[in-house]
Structures are given as structure tokens and as C-alpha cells.
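The structure appears below as C-alpha cells.
The values are calculated or read from the model by the stated rules, or taken from the named source; none is laboratory data. Quick caveat: nothing in here was measured; it's all calculated off a predicted structure. So basically every Cβ, Gly included, is an ideal-geometry build from the backbone, and we count neighbours across all protein chains shown. Side chains included, ligands, DNA and RNA excluded: accessible areas come from the protein's heavy atoms. Shrake-Rupley method; radii C 1.70, N 1.55, O 1.52, S 1.80 Å.
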Amino acid sequence: EKGGYEHFMLKEIYEQPQVIKDTYRGRLLADQGIIKLGGLEDHIHRFINAPRVTIVACGTSWHAGLVAEYIFEDWARIPVEVEYASEFRYRNPVISEKDVIIAISQSGETADTLAAIKLAKQRGAFVYGVCNVVGSSISRETDSGSYTHAGPEIGVASTKAFTTQITVLTMIALRLAQAKGTISTRDYMLHLRELELVPTYVSEALEGDGKIQEIANVFKDAANFLYLGRGYNFPVALEGALKLKEISYIHAEGYPAAEMKHGPIALIDEQMPVVVIAVNSNHYEKVVSNIEEIKARKGKIIAVVTEGDTTVKELADYIMEVPQIPEALTPLVTTIPLQLLSYHIALMLGRNVDQPRNLAKSVTVE
Ligand code: M6R
């Protein structure tokens, strides 16, 4: 049942090239410039006329929502708010008939997300689901939606659900951008073609596993970790930190890299490993300065870099390489080494990787 892997989590990490492909198969026709999501086409006017889109989710699904915020706003020029379902449901949110809500949930059973959907529906909003489990409560409660095709996710730590959620949300954003005319044909076509290549890029990222294991061995006894990223990779920093804390029980915090100087920089000393996502992007130079600031305070730098990078490679103590890919799609590859790093650290510490203490796979109570 674990397909020869020692744990479900590892199997699920390695399944990502396949399940990302399963998720876009039949929906993405890159050569013809077509994205076709059944649940979206019938309701596309709702999205186009919405004053904004509010995303509700919890945990890792909430992180996928944060990635979506960047791509929706960038390409489709629709304002996006990303809300913890547990806060949204108790806040008397300003929601009306014109609003569109996207609820993201692997299990489709998360109690807070379900309650947020019910509240939004009472106020007349249109609710779109991005779920993995077919026929789940959330998929039944939403007005329409698109499934991720990740297959069963058994490990409590969500891995393939995250990357397939981003795949679906990326397709939605591209389709809306095309319908609204807010993306150039060149950019639209480029991202379609690159999205189709993501499974290959993810496979390449997985090849770094051996090296990541060595890095895990160096840092497994650290008491704290800091994860930093900017732009599209700020949510990936949050997700990397969540993965580490939930399965290894090491305290970890994710931060937007530039926020470091507003507080967390005080934590940095020679004992503090800092994982920095420093791939090619608009913010590359800025991230390099953030790395220099950490180095000046003797922090240990583990950087996720684009293959062929030289600048960060010189500054960092350890690097984890991912292939070059357009910036908006980088979360799909930068997430991979962070999943592997947490997995190996947890394993080396003798943790129960698939069933961490105090956690359940689906949180059906509030
Ligand atoms: O099934 P859902 O996507 O609604 O679950 C949401 C969170 O409970 C879930 O992502 C949780 O944070 C994971 N254990 C993270 O790995």
C-alpha cells in the first residue's frame, strides 16, 4: 500500500509529478491555448463580475490560498482576500450576493471551512470548492468547483494536496485572466506550456533528495528554524515551517524575508538555521541582501536556489537546487525540497512521520 516507500508521506511526496499531471490532464491543452475546467466555465461570469474573491481554508490549504492570491491578482487583476476559515466564520464578514468565495480543502471535511461556506451562502455569495475527496461534505455544500486529482492522501502532513491545489488555482487564474483580457497572449501561452512541464521540473527537484538528507543530518538537533521567502514564495516559507513543526516537533517560523528586520532578526545567532527561498525572481537581489544580513549575524543559511545559481551559492552554507521556471510557478518546485527536509529530519529524530502526535488527518471539530 505504501508502494515500496517507508512512509505514506514519502510516497506522496514522490507521487507529485504524476498527480500534478492527473490534475491538469484533459483540462489544460497547452498547444491549443485552452484551459477548460467544467465547474468554472458555467459560472465564469460570477468570477468576472465579482468585486473580489475571498479564499477560505485552514492549514496547508490556506497556504495554497495565499499563493493563489498572488497569481489571481497578478494575472486576472481581481482583488483577493485569504482568510482562515475559523476567523472568517465568527467575524461577521462583509459579504454579499456579488461575492465569490473559494473554499480549499483536501479532505472536504474541515469543520471550520464548512462553517465558513455555510455563512457565505447565507449571505448570497457564490461558493466554489477546490477539494480532493470526491463527494466530501465541502464538495457537496459548494455551488460549483474543481477537484484536485491527488488521489488518497494518508500522511497527516499534506504534501501532494498542496501542489495539486496550486495547479488547479493556477489554471483558474489563467482562465480568468484570458477571459478578462488582463494577460498578454504571450504570457498566457508561456504559462500554459510551462505548467505542462511542471511534472518534469518536480521530478528534477526530487533528485536533490540525497543531498537534502545530508543537510537534514547536520541540522536535525536544532531547536528552532526560521523560513524566509518573498512574493510567490512567502507562502512557501510558511508551508515549509508548518511541515517541519508538525512532523519533527521542532519550532519553526515562516516569515516574509523583509519582515525579518522588524523583529525575528533578534533570534539569529550561530545556533539558528535559516531556510531562505532565493530562486530567480524579481526579488532576487533583495533576498540576497536578506541573506547577507543573516550571515552578518552568524546565522546558518540553507538556501533554495535555481540551478546554476552562483551568488547565493557563495553566501549560503548549504543549497538545495530547483529547476528554472517562470516566477509565478516557482512554488510548485520550491516546496519540494522543504517537504523532503522535514521528512528526513523527522525520520532521523524517530518521529511518527505519518501520524504526528496530537494531529488528525481531517479536523472535523472546531
Ligand atoms: O483537509 P483540509 O485541506 O481542509 O485540511 C486543512 C488542514 O487541517 C491541513 O492542511 C493541515 O494543516 C495539515 N496537517 C498540514 O500538513
message = I'd like the accessible area for Val276: 1.4 Å probe, protein heavy atoms, all chains in place, Å² to the nearest 10.
response = 0 Å²
task = Can you grab the distance from the C-alpha centre of segment 260-287 to the C-alpha centre of segment 25-39, Å, no decimals?
result = 38 Å
query = When the accessible area of the chain is computed with all protein chains present and a 1.4 Å probe, what percentage of it is carbon and sulfur?
reply = 47 percent
request  = Output the relative contact order of segment 249-366, whole-number percent, from Cα pairs under 8 angstrom with separation of 6+ residues.
outcome  = 19 percent
request  = Would you mind working out the accessible area per residue for segment 244-366, using a 1.4 Å probe, and quoting it in Å²?
outcome  = 43 Å²
note = Result for segment 5-53: accessible area per residue, probe 1.4 angstrom, in square angstrom, of 46 Å²
query = When all protein chains stay in place, what accessible area (Å², nearest 10, 1.4 Å probe) is found for Asp74?
reply = 80 Å²
inquiry  = Given an 8 Å cut-off on Cα distances and at least 6 residues of separation, report the relative contact order of segment 68-225 as a percent.
reply    = 20 percent
inquiry  = Below 12 angstrom from the Cβ of Ala205, what's the summed charge of the other residues (Lys, Arg +1; Asp, Glu -1)?
reply    = -4
task = Read phi for every residue in segment 130-146 and hand back ³J(HN,Hα) as whole Hz from Karplus 6.51 cos²θ - 1.76 cosθ + 1.60, θ = phi - 60°, with x for Gly and Pro.
result = 10, 10, 9, 8, 5, x, 5, 4, 5, 5, 7, 7, 7, 6, 6, x, 10
ask   = Taking trypsin sites (Lys or Arg not before Pro) as exposed when DSSP calls them loop (any state but H, G, I, E, B) and at most 16 other Cβ atoms lie within 10 Å, what is the longest stretch of the chain free of them, the sites themselves excluded?
value = 124-219
note = Residue span Arg25 to Val134: 0.36 nm per residue of separation minus Cα-Cα distance leaves a gain in nm of 37.5 nm
query = Measuring with a 1.4 Å probe in the full set of protein chains, what accessible area per residue, in whole Å², belongs to segment 126-221?
reply = 36 Å²
note = Heavy-atom accessible area of Met348, protein chains in place, probe 1.4 angstrom, given in Å² to nearest 10, is 70 Å²
key: the chain: relative contact order as a whole-number percent, Cα under 8 Å and 6+ apart   = 19 percent
